[in-house]
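Enquirer: Dropping a structure here in structure tokens format, bear with me for questions.
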Amino acid sequence: MKKLCSLFLACAFATALCAQSPFPFGYTSPVMTAQTLDAAYARWREGFVRTCEPNELRVVNPARGRELTVSEGIGYGLVISAYMNNKSDFDKLLNYYRARLNERGFMNWEYFDCDTGDNQKNAAADADLDVAIALMAAMVQWGDAQYKKELDALLSAFEKYYFVNCDGVLVLKPGDMFGSCTCTNPSYYSPAYYRAFARYAETQKNKKSAQFWEKVVNDTYIVLLRHAHPYTGLIFAWTNAEGGDPTDCGYQVAGSGTYNSFQYDACRMPWRIATDYVWWGDSRAKQVSQRLTNFVNEPVWQHKESDGTLWFGAGGIRNVVDGYYVSGLRKLDEAGNGGRNHTIPFVGGFALASMAVSQTDTDAFMLEYAGMTPQGYYATSLDVLYKLVATGRFWNPAERLK
């Protein structure tokens with residue numbers, strides 16, 4: 001439902017103006033403007049997009065000496081280019097992806113400089129999910145039949161290689177050749193995309209595929225709610241299908257932190273779940289987002305529930321830091337990093353979660369987020385993606401299917 005200003009009399013007395021969301025569900029804030037998005041996009045493109053071949057672009061992380069490109073960055077770049085309506089960049093990034101596929105049809109997750117071919121390093125699910133939704137957006141926006149062909153191939157490969165059946169529940173593996181019922185990464189879960197894929201399958205008269213993706217939506221929330229903390233909403237970076245300690249993916253797989261911490265991998269979950277709410281209005285997405293928003297707003301001291309559960313608040317959006325245990329206790333990693341910095345991957349993610357909760361929270365969280373500047377490849381990429389959602393520009397491609 002649209003959240004109309006006339007429904008919020010308090011807005012007449014608030015310092016922030018009330019905004020009508022361009023999404024079918026949720027809230028936006030007037031502090032997030034087209035200009036803020038355009039500035040974020042220009043910063044990202046100038047700082048991290050490079051040319052390889054004349055018809056290839058890549059997104060780079062220059063922090064490791066030789067310039068590294070990961071499939072995650074290509075996925076981000078394709079989404080950004082599609083939604084910023086830059087077909088030229090989109091096609092060149094897609095060319096880069098195409099030239100580095102493994103035998104299953106997914107880009108291998110890591111390349112240095114302009115290396116090409118199948119380096120047999122396997123793929124990453126979050127990247128390929130972003131590629132798929134970007135292809136759908138490109139297909140409905142620009143009408144290129146090649147995008148449809150590649151989307152069909154990618155979705156078919158996803159059904160074959162990226163999910164594992166865990167006692168009747170379909171769980172996303174983190175890689176096409178990595179992960180199992182005892183190793184999954186919930187920050188990769190993208191129920192908004194899955195539902196879009198189901199709608200697409202329906203338009204193609206593919207009932208079996210539509211049912212598959214609808215089951216994935218529901219099963220994703222089964223797993224997510226098993227281990228999202230009941231009061232903070234925070235998630236494990238790496239977990240198993242039952243929401244516990246993973247046994248075969250290690251504690252340092254990515255994102256800097258042990259399995260039971262909400263770190264630089266896990267902090268993307270609020271973005272992906274908020275998208276499911278603003279696109280589809282899923283009540284489970286709202287439930288998770290409500291917990292996250294309550295966590296941010298609560299004081300930092302210890303809270304004890306009647307069931308004995310102990311948890312901590314973040315102390316307000318201005319006090320959010322970049323590392324927590326799922327209980328909300330701040331966490332420093334082994335090198336003394338994390339758990340002390342106020343960064344966009346965390347603040348921006350919580351700001352998106354607030355879009356499913358209230359106009360007051362959205363205005364307050366977005367005001368804090370809007371005043372921040374990202375540093376580095378990861379934060380700068382997420383900044384554009386987050387602001388696409390925050391400004392209402394991340395439209396649902398399933399709504400434009402014919």
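Just so it is clear, none of the values below were taken in a lab; they were calculated from the coordinates. Since this is a predicted model, take the numbers as computed values, not measurements. Cβ coordinates were reconstructed from backbone atoms using ideal geometry, including for glycine residues, and neighbour counts include every protein chain displayed.
Enquirer: Taking the Cα centre of segment 143-222 as origin, work out the dipole magnitude from +1 charges on Lys and Arg Cβ and -1 charges on Asp and Glu Cβ, in debye rounded to 20.
Expert: Approximately 220 debye in magnitude.
Enquirer: Please state, rounded to one decimal and in Å, the Kirkwood hydrodynamic radius that segment 282-402 gives when every pair of distinct Cα atoms enters the mean of 1/r.
Expert: One decimal place: 15.5 Å for the Kirkwood radius.
Enquirer: Moving on to the next point. What pairs from K87/K148; K207/K402; K92/K173; K87/K402 go past 18 Å between their alpha carbons? It would help to have the intermediate numbers written out before the result.
Expert: Working: K87/K148 15 Å; K207/K402 16 Å; K92/K173 28 Å; K87/K402 21 Å.
The pairs that break the limit, which is 18 Å between Cα atoms, are K92/K173; K87/K402.
Enquirer: For segment 44-132, which trypsin sites (Lys or Arg not before Pro) are in a loop by DSSP, counting at most 11 other Cβ atoms within 10 Å?
Expert: R66
Enquirer: In a GNM of the chain with a 10 Å cut-off on Cα contacts, which of A42, A34, A134 has the highest mean-square fluctuation?
Expert: Highest fluctuation of the listed residues: A42.
Enquirer: Seen from all sides and averaged, what is the projected area of the convex hull of the Cα atoms in segment 140-284, in nm²?
Expert: Numbers: hull surface 36.9 nm².
Average of the hull's projected areas for segment 140-284 equals 9.2 nm².
Enquirer: Can you check what the net charge comes to around Y231, using other residues whose Cβ is under 11 Å from the Cβ of Y231 (Lys, Arg +1; Asp, Glu -1)?
Expert: Net local charge, Y231 excluded: -1.
Enquirer: Now for a different question. Scan segment 203-306 for GluC sites (Glu not before Pro) in coil per DSSP, keeping those whose Cβ has at most 13 other Cβ atoms within 10 Å, and list them by number.
Expert: For GluC sites (Glu not before Pro) across segment 203-306 that sit outside H, G, I, E and B with at most 13 neighbouring Cβ atoms in 10 Å, the list reads E305.
Enquirer: Once you wrap a convex hull around the alpha carbon atoms of the chain, what is its projected area averaged over all directions, in nm²?
Expert: 19.4 nm²
Enquirer: How high is the relative contact order of segment 111-270, given as a whole-number percent (alpha carbon pairs under 8 Å, six or more residues apart)?
Expert: Dividing the mean separation by the residue count of segment 111-270 yields 19 percent.
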